[in-house]
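Trainee: Before anything else, here's the structure in question.
Values in this text are rule-based calculations from the coordinates and carry no lab data. Note that the structure is a prediction, hence the values are computed from the model and not measured. Ideal geometry is used to build each Cβ from the backbone, glycine not excepted, and the neighbour counts take in all protein chains shown.
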Amino acid sequence: MVAPSPIGERIAELLESSRIAFASGDTTGAWGCLEDAHVLSQPWAVRHVQVHMAMLSLGWRIRSAREMSGQIARLVVAGPASLLARYPSGNSGRADVSAFEAAPIRPDLADLLAEADAAENGTRVLDVAGVRRLYDRMAPFYDLASKPYDWVGARRLVDRAILELRLQPGDTVVDLGTGTGRNLIALADIVGPTGHVIGVDVSPRMLSRARSRIEKRGLRGVVLVEADIATFGLPVDVRAVLSTYAIEMLPNYQAVIGRFAGEMAAGGRIAVTGLRDPDRWPEWTIRVGSALNRPFGVAKDYRSHRPWEAIEAHTTDTIYEEGLAGAVYLAAGTATGPEGERS
Ligand SMILES: C[S@@+](CC[C@H](N)C(=O)[O-])C[C@H]1O[C@@H](n2cnc3c(N)ncnc32)[C@H](O)[C@@H]1O
């Protein structure tokens, strides 16, 4: 949805150059800059709309009714066209060409687009430093940005996951990728004052929101640990491990799940929820969903991540459920313990 920075910066430069060219009487040059900006912006909804706004504004300044009406029509479709990847690449974006006609892309623009494509595919699964940067930036907005997911019921499986941990008062439970600590209160309520809850996250700012949350509730027995899940060692007395919308972010999630299952005493419970690629949805809806989830660090390569299979491999008594028509999953089971994978 949002253009990667080299493209975003180039588009911003072209918009500025267009304004300068127009101010100095070079209308042809001004349109030329906007046409280049349009070609670069097409894959990214926000920039694409922005360029058509600039074209509408220039159309108004030169009092071209044709350009203005053409730009208003294009403004309506630009965002969805980018999100659905249904646009005629190389199209100049002007009202004097069909909005459905693709055109060859000039080599310098094609190079920039190819680089951006590589960069986007390269955002693959973020490394841990990338996760920390992303979530530190996101921390102030995370709870608000999660609201739409709550409204559609994405947290229902989290409640189920917590039940599947089969916690008892006095137990110790770990929440991996705890974020702003949305699971901590429910967990602390169950394990009670004699139990312990450990929230682990790599983002100090997410943890600081979690800290405010637990302080507000005056919760004791909740400890927050800044650590990479991949290297975090489970304390010996842990009875249960939870991870909601986090573990699939790890490139080596399979090995990590296997390690936790092995580190827990046999009988310990693991429950994981997360996003998954719905099997029966049309591809375009998955693309829109991925675009909406991109600010949370969800990248194309997550589509191949299947933590529920790792849970199945390393637990007995395994359950698997889906929600939101297959867009979210819950997998839980009883850790096989140091014995290793189940046969
Ligand atoms: C989408 S948020 C989910 C937060 C919370 N579990 C929830 O359900 O609201 C993902 C969280 O996982 C954390 N995370 C991702 N990879 C991590 C890693 N390798 N080590 C520690 N935390 C990680 C991020 O910092 C972020 O806070």
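Trainee: Taking neighbour counts of Cβ atoms within 10 Å as a proxy for exposure, in what order, fewest first, do E9, E312 appear? Don't skip to the answer; put the middle values down first.
Mentor: Working: E9 11, E312 17.
Sorted ascending by nearby Cβ count, the order is E9, E312.
Trainee: Given 0.36 nm per residue, what is the gain on full extension from D26 to V77 after removing their alpha carbon distance, in nm?
Mentor: The D26-V77 span can extend by a further 15.5 nm.
Trainee: How big is the gap, in Å, between the Cα center of region 263-278 and the Cα center of region 154-208?
Mentor: What the calculation gives is 13 Å, centre to centre.
Trainee: Mind grabbing the base-10 log of I(q)/I(0) for region 242-343 at q = 0.12, 0.19 Å⁻¹? Debye formula, identical points on the C-alpha positions, no solvent, two decimal places.
Mentor: Here log10 of I(q) over I(0) equals -0.40, -0.87.
Trainee: I've got another one for you. In nm, give the distance between the simple-model label positions of D127 and Y320, each being 7 Å from the Cα along the Cα-to-Cβ direction.
Mentor: It is 3.2 nm.
Trainee: Additional query: Report the full-extension gain for the segment E309 to A12: residue separation times 0.36 nm, less the Cα-Cα distance, to one decimal in nm. Before the final figure, lay out the partial values.
Mentor: On the way: separation 297, 0.36 × 297 = 106.92 nm, distance 4.45 nm.
Gain on stretching E309 to A12: 102.5 nm.
Trainee: On to the next question. Could you work out how far the C-alpha centroid of region 54-114 sits from that of region 283-320, in angstrom?
Mentor: Here the two parts' Cα centres lie 34 Å apart.
Trainee: Same structure, new question: Based on the Cβ-Cβ distance from A85 to D150, what FRET efficiency comes out when R0 is 25 Å, to the nearest 0.05? Show your work: numbers first, answer last.
Mentor: On the way: r = 28 Å, r/R0 = 1.14.
The formula returns an efficiency of 0.30 here.
Trainee: Here's something else I'd like to know. Hey, got the dipole for region 5-122? About the Cα centre, +1 on K and R Cβ, -1 on D and E Cβ, debye to the nearest 20?
Mentor: On the way: 10 positive and 14 negative charges, 117 e Å.
In debye, rounded to 20, region 5-122 gives about 560.
Trainee: While we're here: Expected output is a single nm value to one decimal: the length gained when fully extending between E283 and K216, i.e. 0.36 nm times separation in residues minus the C-alpha distance. What is it?
Mentor: Numbers: separation 67, 0.36 × 67 = 24.12 nm, distance 4.32 nm.
My answer for the length gained is 19.8 nm.
Trainee: Let me ask something else about it. Test of understanding: in a Gaussian network model of the chain with alpha carbons linked when under 10 Å, which of Q254, Q168, Q71 would top the mean-square fluctuation ranking?
Mentor: For the chain, modelled as a Gaussian network with Cα springs under 10 Å, the answer is Q168.
Trainee: In a solvent-free Debye calculation with one equal scatterer on each Cα, what is log10 I(q)/I(0) for region 5-122 at q = 0.12 Å⁻¹, listed in the order of the q values?
Mentor: Values, matching the q order: -0.38.
Trainee: When the chain is modelled as a GNM with alpha-carbon springs shorter than 10 Å, which of I185, I247, I62 fluctuates the most?
Mentor: Residue with maximal mean-square fluctuation among I185, I247, I62: I62.
Trainee: Here is a follow-up. Averaging over every viewing direction, what projected area does the convex hull of the Cα atoms of region 111-205 cover, in nm²? Don't skip to the end; give the middle numbers.
Mentor: Values: hull surface 31.7 nm².
Computing the convex hull of the Cα atoms and averaging its projections yields 7.9 nm².
Trainee: OK, next. Could you list S304, S82, S18 in order of exposure, starting from the residue whose Cβ has the fewest other Cβ atoms within 10 Å?
Mentor: Details: S304 8, S82 22, S18 26.
Lowest to highest Cβ neighbour count: S304, S82, S18.
Trainee: When the Karplus curve 6.51 cos²θ - 1.76 cosθ + 1.60 is applied with θ = phi - 60°, which whole-Hz ³J(HN,Hα) does each residue of region 238-245 get, with x for Gly and Pro?
Mentor: Result, rounded to whole Hz: 6, 9, 7, 10, 10, 8, 10, 6.
Trainee: Here's a follow-up. Take the alpha-carbon positions of the chain, form their convex hull, and give its projected area averaged over all directions (one quarter of the hull surface) in nm². It would help to have the intermediate numbers written out before the result.
Mentor: On the way: hull surface 78.4 nm².
Reported value for the Cα convex hull: 19.6 nm².
Trainee: Filter the GluC sites (Glu not before Pro) in region 38-128 down to the DSSP loop ones having no more than 13 other Cβ atoms within 10 Å, then list what survives.
Mentor: Sites meeting the loop and neighbour criteria: E101.
Trainee: How far is helix 107-122 tilted off the main Cα axis of the chain, in degrees rounded to 10, range 0 to 90?
Mentor: 10
Trainee: While we're on this one: Of the residues R94, R280, R220, which exhibits the maximal mean-square fluctuation in a Gaussian network model of the chain defined by a 10 Å Cα contact cut-off?
Mentor: R280
Trainee: Then there's this: So what is the calculated 222 nm ellipticity per residue for the chain, using -39500 (n - 2.57) for each DSSP H run with n of 4 or more, over all residues, to the nearest 500 deg cm²/dmol?
Mentor: The helix-only estimate for the chain comes to -15500 deg cm²/dmol at 222 nm.
Trainee: Taking Cα pairs under 8 Å and at least six residues apart, what relative contact order does the chain come out at, in percent?
Mentor: Details: 619 pairs, mean separation 50.0, N = 343.
It comes to 15 percent, rounded to a whole number.
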